[in-house]
Amino acid sequence: MTVDAFRALLSNTDLFVYERSVDENDGTVAALVRRDLEKLLAVAGKQAETFAGTEEKGLKLCPLTNENARALMQLFPYTKPRSHKGHRFTMGFGDRLGLASPGHIRAIGDHDIYPVLAQQSIRELNLTHRTFADVISAAAFNVFQEGYRKGYGADGDHLKTKDEIKYALESGCTMVTLDCSEQIDQQAVTYPQDQIDALYAQLPADVRAHYEGVYLDRELPIIGCLSAPELRRIVIVFWKGIRHAIECYRYIDEIKTVAVDFELSIDETLTITTPAEHFVVGNELHDAGVTPISCAPHFSGAFEKGIEYAGDLNAFARDFVVHQQIADHFGYKLSLHSGSDKFAVFSTVGRVTKGHVHVKTAGTSWLEAMRVVAEADPDLYRKAHKFAIEHRPEAEKYYHVSTDPNTIPNIDLENDAYLPEYMNLPAARQTVHIAYGLLLDQPWFRDAFFATMAAHEEAYYAALVRHLGKHVRILTAGTDV
Ligand code: ZN
C-alpha cells in the first residue's frame, strides 16, 4: 500500500482526514479520521491485521482503543512514550480529558521543549476513572493526529508505593514521580527541640552514626555547617522518606524494561523545603547511587491549583537560586509542580535554571476546556458552574484551595457573552478546577461536554496555544530553549 493509493481509498469515503497524521511504514499506511464526531484510525496494507476494526472500501476502520493504540505504537514508534533523558527543558502537560495534546504540541511551537504529554497522578486517574493505559493511548492518538514525531514522555505522577510504580511502568509510563509525603514526618517540623532529640535517640544506632558521620563537624558544599540539633530535626523528618526513595529507585531498576526517568517530589509537605533539607536528601540519594532526573522541593510561597503564585517573589527568587545550586551539585534538574498559571515566577525559573528544568502543568488545560464550553454552550456552562459552586466543599477533600466562592459574581445576573470571563476570575477558576472529577461523573454533564469538545476541537487547541503558549513564552524568554 502506498500513501497515494491510501488517499485514493479515503477520498471514496465520507471520512474527514487529519492530514498531518497520514503516514506509512513497512507497506502499511494509516491516518486518523473522523466520521461525524467519532474519531477512528484508518489503516491499510501489510500490518492492518494487527489492528482490530471493520473493513470498509478497502480500509480498516478501527476504534481508538488501547489495543489499537498498542498496534499504532508498534507501527509508528514515535507515537510511543520515551524517556526524556538528554533533553534540557522538559514540561509536563497533564491532560485529564485525553483531548488536549494537539493544543499542547502546538503551544510548544519551535521551542526545544520535550513534552510529557501523558502525565496523571493516581488521584487524577481515580477522579476520572481512567487507567494509565487509557492516558497513554490518548496521548499516542493525539501525537499521531498531529503528526508530531519528536517524542514525548509519560509520567506516573505522585506515585507513592511500589505497587503504583509497577502499575505505571507496566502500562508504559517512562517517568516515575515518587511522592514520599507518607514517609516524611510532616508534623516533626514543628516539634520542640527536646521532642526531636527524644525521637532521634530512639533511632537505630547505625542510622544516627551514618548521618552524624556524614554531616557533622564539617563544611558542606553550598549550605555550610549543619548544627547537631538542625541535623537531628532533618533526620527525624526525612530519613524514612529517603529510605523509601532509595528502595523505590532500586525497585524501578529491577522491573523496568525501558529507560525510566526518576523524579523525587517532596513538594506535598506542610512546610517549605529548606536548602539544608534539600541538600541532605540530595546527598543521601547520591551516596546511595540514586540518580534522579529531577527533584521537586516545596518552594516558598503558595502554588495553588489554577491561579497565580501568591507569596514574596524576592524570597522565592533567593531560595530558588540556592535550590538550583544544590540541583547542579548533584546533577539533576529542579521540577516545579502546580506550574499552571504561575506566570509571576516563570522569569526567575527560566533565568536561574537557564532552561534546564522540568515544569508541570495540568488543571489549567481543563479550565481552558471549560472556557470553550462557556463560549460554545452557555447553558451547559451555567449548569456546570452552579454545580461546581454547590459541590465545592466535597471537591475540597481532594484539593487545597483558598479562594472564597462567595466572591464569584452571581451567574444568574450575567449574560452569555460574559461567561468565558469566569475563567479569568481566581475564585471561579479554582471552584471549576477542583470540580472536574465530580462534574465528569454526572451523565448530564459528561455526554454533553464531550460532544461539545468534539465539535469545537480547533477552538480548544487555539485556547491551549494561547494559554500554555504564554507559559512557554515567559519560561523560555532569555534562554536558548
Ligand atoms: Zn507535586
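The values are calculated or read from the model by the stated rules, or taken from the named source; none is laboratory data. Just so it is clear, the structure is predicted and the values come from calculations on it, not from any experiment. Please note: Cβ atoms are built from the backbone with ideal geometry, for glycine as well, and neighbour counts cover all protein chains shown.
Return the residue satisfying two criteria in turn: it lies in segment 294-339 and is under 16 Å from the mean Cα position of the chain (by Cα) and either of a type in the set (Ser, Thr, Tyr) or surrounded by fewer than 17 Cβ atoms within 10 Å (Cβ to Cβ) (or both), and of such residues it is modelled with the lowest pLDDT. Looking at the filtered set, the residue picked out is Ser338. Filtering segment 129-170 to residues that are surrounded by fewer than 19 Cβ atoms within 10 Å (Cβ to Cβ) and among the polar types (S, T, N, Q) leaves Thr131, Thr161. If you check every pair at least six apart or on different chains, which have Cβ atoms under 7 Å apart with a residue in segment 257-268 that is modelled with pLDDT under 95 first and a residue that is charged (D, E, K, R) and within 15 Å of the ligand (Cβ to nearest atom) second? Note: pairs meeting the criteria are Glu268/Asp179. From the list Thr271, Thr291, the lone residue that is in contact with a Gly (Cβ under 9 Å, 6 or more places away or on another chain), surrounded by fewer than 19 Cβ atoms within 10 Å (Cβ to Cβ) and either of a type outside the set (Ser, Thr, Tyr) or under 30 Å from Ala362 (Cα atoms) (or both) is Thr291.
Does Ala344 fit the bill of being in contact with a strand residue (DSSP E or B) (Cβ under 6 Å, 6 or more places away or on another chain) and either at negative phi or in a helix (DSSP H, G or I) (or both)?
On the way: in contact with a strand residue (DSSP E or B) (Cβ under 6 Å, 6 or more places away or on another chain): no; either at negative phi or in a helix (DSSP H, G or I) (or both): yes.
Judged against the criteria, Ala344 is not a match.
Of all residues in segment 260-306, those satisfying the criterion of being more than 16 Å from the ligand (Cβ to nearest atom) and either under 26 Å from Lys397 (Cβ atoms) or hydrophobic (A, V, I, L, M, F, W, C) (or both) are Val260, Ala276, Phe279, Val280, Leu285, Ala288, Val290. Quick one: Asp267 ticks every box in (1) in a loop (DSSP other than H, G, I, E, B); (2) closer than 20 Å to Pro204 by Cβ except a single one, so which number is it? All conditions are met except number (2). Of the residues making up segment 202-228, just one is within 38 Å of the chain's Cα centre (by Cα) and basic (Lys, Arg), namely Arg208.
Assess whether Phe449 counts as being in a helix (DSSP H, G or I), surrounded by 22 or more Cβ atoms within 10 Å (Cβ to Cβ) and in contact (Cβ under 8 Å) with a residue 12 or more places away in the chain. So that I can check it myself, show each step before the final result.
Details: in a helix (DSSP H, G or I): yes; surrounded by 22 or more Cβ atoms within 10 Å (Cβ to Cβ): yes; in contact (Cβ under 8 Å) with a residue 12 or more places away in the chain: yes.
Against the criterion (in a helix (DSSP H, G or I), surrounded by 22 or more Cβ atoms within 10 Å (Cβ to Cβ) and in contact (Cβ under 8 Å) with a residue 12 or more places away in the chain), Phe449 qualifies.
Just to be sure before I move on: is Ile184 crowded, with 21+ Cβ neighbours inside 10 Å, more than 16 Å from the ligand (Cβ to nearest atom) and farther than 25 Å from Gly86 by Cα in the structure I sent? Here the answer is no, as Ile184 does not meet what is asked.
Within segment 386-421, being closer than 16 Å to Gly363 by Cβ and in a helix (DSSP H, G or I) holds for Ala388, Arg392, Ala395.
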